[in-house]
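Presented below is the structure to which this report refers.
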Amino acid sequence: CICLDELPTDVSKLTRFTCCGKTCCLGCQRNVEKSKMPDELKYRCHQCRKPIPTTDKGQIEQLREWLDKGEAWAQSMMASWYRDGKYGLKQSYVMAAMLFEKAVAQGDPGAMYNLALLYRDGQGVVQSFEKAAELYTMAAEQGHVKAMYNVSCMYRDGQGVEQSFQKAIEYFTMATEQGDVNAMTSLGLM
């Protein structure tokens, strides 16, 4: 982290470099990109100093090295790229689900959350609210804020789980304590 603050636990507030696999605050990275420093410094990894690839092929090649090593974060990142059709990859929910599954098996909470989204929407997998709730719960228990919010909605609505306002409030409260605005609104705190 460039700012030397403790890295946030919310993965949506982090960026990961495909060269060395290390993370940085997303805010820090955005500040560097807006800075007046020379481009050859601006577009380098802040951790290992390697240049950030400028082509889709370069991005994929760098990430594949980590995939070959079986890194969960790389599996999750590549899955997101397949899901979204990024960096020249043909969009494929099936490939995304397969890679998210591998990362879930290694305990990656971001992959749990993203795979839950696929199950919720029936993209690349057979739709299952029960499986989505299970994955959201696993991710929430590891501190994934968006998963906390989503599983609380499922408990509130009785979708994939037995309806429980008590559990919904517990998860909404957990998400609120982590600063989730949607959870705050749901609890009427805003």
Under 5 Å between amide hydrogens, which residues at least 5 positions from HIS144 or on another chain qualify, with H placed 1.01 Å from N in the peptide plane? none
Sites matching chymotrypsin sites (Phe, Trp or Tyr not before Pro) across the stretch 62-120 that sit in DSSP coil, with at most 16 neighbouring C-beta atoms within 10 Å: TYR87
Which shape class, rounded, prolate or oblate, goes with the chain when its Cα gyration tensor gives a ≥ b ≥ c as root eigenvalues, a/c under 1.5 marks rounded, and past that a/b bigger than b/c marks prolate? oblate
Given pairs LYS36/LYS69; LYS36/LYS90; LYS13/LYS86; LYS13/LYS102; LYS57/LYS102; LYS50/LYS102 and cut-off 30 Å on Cα-Cα distance, the over-length ones are LYS36/LYS69; LYS36/LYS90
Between rounded, prolate and oblate, where does the stretch 98-177 land on the alpha carbon gyration tensor, with a ≥ b ≥ c its root eigenvalues, rounded for a/c under 1.5, else prolate if a/b exceeds b/c? oblate
For the stretch 41-53, just list the computed ³J(HN,Hα) in residue order, Karplus coefficients 6.51, -1.76 and 1.60, θ = phi - 60°, integers in Hz, with x standing in for Gly and Pro. 8, 4, 9, 10, 5, 6, 9, 10, 6, 6, x, 7, x
Would you kindly derive the ³J(HN,Hα) couplings of the stretch 118-133 from the backbone phi angles with the Karplus curve 6.51 cos²θ - 1.76 cosθ + 1.60 (θ = phi - 60°), listing them in order in whole Hz, with x for Gly and Pro? 5, 5, 4, 9, x, 9, x, 9, 6, 4, 8, 5, 5, 5, 4, 4
Under 5 Å between amide hydrogens, which residues at least 5 positions from ILE52 or on another chain qualify, with H placed 1.01 Å from N in the peptide plane? ARG44, CYS45
Over its Cα atoms, what ratio of radius of gyration to 2.2 N^0.38 Å does the stretch 1-102 give? 1.11
Looking at the stretch 48-143, which trypsin sites (Lys or Arg not before Pro) are DSSP coil and have at most 15 other C-beta atoms within 10 Å of their C-beta? ARG49, LYS69, LYS86, LYS90
Ordered by residue, what ³J(HN,Hα) values in Hz, to whole numbers, does the stretch 54-61 give under the Karplus form 6.51 cos²θ - 1.76 cosθ + 1.60, where θ = phi - 60° and Gly and Pro are x? 9, 10, 4, 4, x, 4, 5, 4
Please work out, to two decimal places, the log10 of the ratio I(q)/I(0) at q = 0.14 Å⁻¹ from a Debye calculation in which every Cα of the stretch 69-135 carries one identical scatterer. -0.34
For PHE17, PHE165, give me the order by solvent-accessible area with a 1.4 Å probe, most accessible first, ignoring ligands, DNA and RNA. PHE165, PHE17
Distant-in-sequence amide H partners of LEU14 (H built 1.01 Å from N, under 5 Å): LEU26
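The values are calculated or read from the model by the stated rules, or taken from the named source; none is laboratory data. This structure is a prediction, so every number in the text was calculated from the model and none was measured. Positions of Cβ are backbone-derived with ideal geometry, glycine not excepted, and every protein chain shown enters the neighbour counts. All accessible areas refer to the heavy atoms of the entire protein, side chains included, with ligands and DNA or RNA removed. Shrake-Rupley method; radii C 1.70, N 1.55, O 1.52, S 1.80 Å.
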